[in-house]
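Down below is the structure, laid out as structure tokens.
The values are calculated or read from the model by the stated rules, or taken from the named source; none is laboratory data. The structure displayed is predicted, hence computed values, not measured ones. Positions of Cβ are backbone-derived with ideal geometry, glycine not excepted, and every protein chain shown enters the neighbour counts. Remember, those area values only see protein heavy atoms, side chains included, never the ligands or the DNA or RNA. Shrake-Rupley method; radii C 1.70, N 1.55, O 1.52, S 1.80 Å.
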Amino acid sequence: MKRIISKFTTYTILIIGALFILVPFIWMLSTSLKPYNEVLIMPPKFIPSKFMWENYRIALEAAPFKRYFLNSLFVTTMITMGEILTAILAAFAFSNLNFKGKDILFTVLMGTMMVPSEVLTIPNFVTLSKLKWIDTYKALIIPWCASIYSIFLLKQHFQSIPKELYYASKVDGCKDFKFLWTMIVPLSKPAIVTLTLLKVIGSWNSFMWPLIVTNSDKLRTLPVALSAFSNEVGTDYNILMAATNLIIIPIMILYIFLQKHIIVGISKSGIKG
């Protein structure tokens, strides 16, 4: 009986938590289909009196979504590839190679995770300005091609792989670089897929940095397109919510189909030392 009560309590808490998380998404979807005069009425109506599907057409015409979509796709792809590559190489060095100052360097890198990213915004902007990279793809991509969190996660996973494999490969004359790509990387697929998905989601949804370092529409990404629906007069929340739905649909589909890889990757990487 105690077990049944415990399970019931657990599922009840989880369901309530899930509902709290889902309510904003339901409201966003509902608002995207409302007429303008029903957006801010109190008490709020979750079911519109009339479904305004044309809100999505208006949203698509309000900004150059095709250009923004291609920019987001390109920037997200390049950032993800860059971060995964640097994370694999750095994690292998910290987990399998011996060099002077390794532990101190890793401790310093871990310490940088305590620094809020907002603190680094101005120094990074000044640096890119001196390099004359503002309003270029380099400003959007290069600063995000390395992540201490990704290095840490992969290092944890690499350390869980038996060292005997590495020693055996050295006896057979296998070079470190070949061992990394033929043994370590295939065995670490869950962790690498996890990092890839998390980076794709983060890069796709990035708003502040692309807004700061770009000046022209030809370089801006999808989240920046949302600013087109706010002006000095006010905000068309129904159109804004329609545009938001259009932006998050691709990433939600990707997450729904591949979420199991995130669970497996974190469970096999994050808790091993």
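Numbers at a glance
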quantity	calculated
The chain: angle of helix 148-160 to the longest principal axis, Cα-based, in degrees nearest 10	50 degrees
Between region 25-51 and region 178-212, the alpha-carbon center distance in angstrom	37 Å
Diffusion coefficient, µm² s⁻¹, Stokes-Einstein with Kirkwood Rh over alpha-carbon pairs of region 125-223 at 25 °C and 0.890 mPa s	151 µm²/s
Ile212 paired with Thr182, simple spin-label distance in nm, labels 7 Å along Cα-to-beta-carbon	4.4 nm
Cα point-scatterer Debye curve for the chain, base-10 log of I(q)/I(0) at q = 0.11, 0.15, 0.17 Å⁻¹	-0.84, -1.20, -1.33
Neighbour-limited loop hits for trypsin sites (Lys or Arg not before Pro), region 78-149 (at most 16 other Cβ within 10 Å; DSSP other than H, G, I, E, B)	Lys100, Lys132
From phi via Karplus (6.51, -1.76, 1.60), per-residue ³J(HN,Hα) for region 31-41 in Hz, x at Gly/Pro	5, 5, 10, 8, x, 4, 6, 9, 5, 10, 6
Cα→Cβ-extended label distance, 7 Å offset, between Leu29 and Tyr137, nm	3.6 nm
Simple Cβ-charge dipole of the chain, Lys/Arg +1 and Asp/Glu -1, about Cα centre, in debye nearest 20	840 debye
D_trans [Stokes-Einstein, Kirkwood Rh over alpha-carbon pairs] for region 71-164, 37 °C, 0.692 mPa s, µm² s⁻¹	220 µm²/s
Segment Leu40-Glu118, length gained on full extension (0.36 nm per residue, minus Cα span)	24.9 nm
FRET efficiency for Ser129 and Asp172, using Cβ-Cβ distance with R0 set to 45 Å, rounded to 0.05	0.35
Calculated from backbone phi, Karplus (6.51, -1.76, 1.60) coupling profile of region 14-23 in Hz, x at Gly/Pro	5, 5, 4, x, 5, 5, 4, 6, 7, 3
Packing-based ranking, highest mean first, of 45-58, 22-35 given that Cβ atoms within 10 Å are counted	22-35, 45-58
Rounded tilt (10° steps) of 65-96 against the dominant C-alpha axis of the chain	20 degrees
Inter-probe distance in nm under a simple model that places probes 7 Å from Cα toward Cβ, at Lys7 and Leu73	4.6 nm
Of Lys130/Lys218; Lys189/Lys218; Lys163/Lys189, pairs whose Cα-Cα distance is over 24 Å	Lys189/Lys218
Around Leu165: net Lys/Arg minus Asp/Glu count, Cβ-Cβ under 15 Å	+1
Accessible surface of the chain, 1.4 Å probe, proportion on carbon and sulfur as whole %	72 percent
Förster radius 45 Å - calculated FRET efficiency between Ile15 and Glu54, Cβ distance, rounded to 0.05	0.80
Global size of region 1-68 as Cα Rg and Dmax, reported in angstrom	18.8, 60
Student exercise, region 8-116 dipole from Lys, Arg, Asp, Glu Cβ charges, in Debye to nearest 20	140 debye
